[in-house]
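The values are calculated or read from the model by the stated rules, or taken from the named source; none is laboratory data. Every value quoted in this text rests on a predicted model; they were computed, and no experiment measured them. Cβ atoms come from the backbone with ideal geometry, glycine included; neighbour counts cover every protein chain shown.
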Amino acid sequence: MEKYYTIESNPFINNNCRIRLGAIPDSIDRRAYLLDEWQYLNDKEEFIPFERLGSDLPDIYTYNIPLISKRLKETLDDAEVSNTFYKPIYLYEVANRSKIEEYYLMLAEALDCVDWDKSEHTEDSFSGLKKITGPFTIKTPAVGNFKIFKIKSIMNRFWVIDEELKEKFESLGIKGAKILPPEKYYGI
């Protein structure tokens with residue numbers, strides 16, 4: 001049986017690893033990254049201002065836009081992950097416009113893979129989107145060979161990774177991320 005883990009932003013693990021993004025350019029279609037609809041994005045580079053709130057930068061940022069660091073993307077490339085889309089994003093510090101950090105907006109394929117009868121969740125009556133609020137169960141056959149993916153039709157902003165990626169990220173010393181098995185997940 002495959003073992004999976006959620007991965008999302010968590011600046012509270014290391015308070016030295018926090019940023020605050022400025023305005024996201026209108027040229028980045030919000031529908032694309034909120035609903036994992038790749039067809040609404042191009043791979044043209046974009047610039048976003050940010051404020052450094054700690055001494056380190058996070059490798060993952062999932063609050064208002066899904067970003068990963070250059071070193072995390074390189075790790076995914078080395079693992080031959082193929083079900084993702086990357087858009088180059090350059091973060092520039094508001095206080096020092098010459099300081100630029102390379103990130104990527106990342107979308108991963110969204111899968112219908114949750115056993116909702118065995119998962120804690122709520123459902124929005126207007127949109128029909130679900131929010132995972134506690135432990136949940138992944139139907140392994142629905143995942144196939146994907147190493148990283150999103151869960152289809154949920155409001156939560158996390159990715160699911162397999163054991164191999166978890167080990168690679170941990171050996172990398174991933175910064176600013178929370179990694180939990182689905183049975184220990186608590187919705188934010």
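Per-structure values
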quantity: In segment 145-163, the residues that are exposed (fewer than 14 other Cβ atoms within 10 Å of the Cβ) and touching a residue at least 12 places away in the same chain (Cβ under 8 Å); calculated: GLU163
quantity: Qualifying residues in segment 14-61 (those that are at pLDDT below 90 and among the hydroxyl-bearing types (Ser, Thr, Tyr)) - the one nearest to LEU107 (Cα to Cα); calculated: TYR33
quantity: Tally of residues being in contact with a strand residue (DSSP E or B) (Cβ under 9 Å, 6 or more places away or on another chain) and either at pLDDT 95 or above or buried (at least 18 other Cβ atoms within 10 Å of the Cβ) (or both) across segment 171-188; calculated: 8
quantity: Some residue of segment 68-85 being over 26 Å from PHE12 (Cα atoms), in a strand (DSSP E or B) and in contact (Cβ under 8 Å) with a residue 24 or more places away in the chain; calculated: yes
quantity: Test: residue in segment 107-116 that is surrounded by fewer than 16 Cβ atoms within 10 Å (Cβ to Cβ), small (Gly, Ala, Ser) and at pLDDT below 95; calculated: no
quantity: Unique residue being within 22 Å of LEU180 (Cα to Cα) and touching an Asp or Glu at 6+ places or on another chain (Cβ under 8 Å) when the list is LYS99, LYS147; calculated: LYS147
quantity: Of residues in segment 89-137 being β-branched (Val, Ile, Thr) and either in a loop (DSSP other than H, G, I, E, B) or closer than 21 Å to GLU8 by Cβ (or both), the one farthest from the chain's Cα centre (by Cα); calculated: VAL94
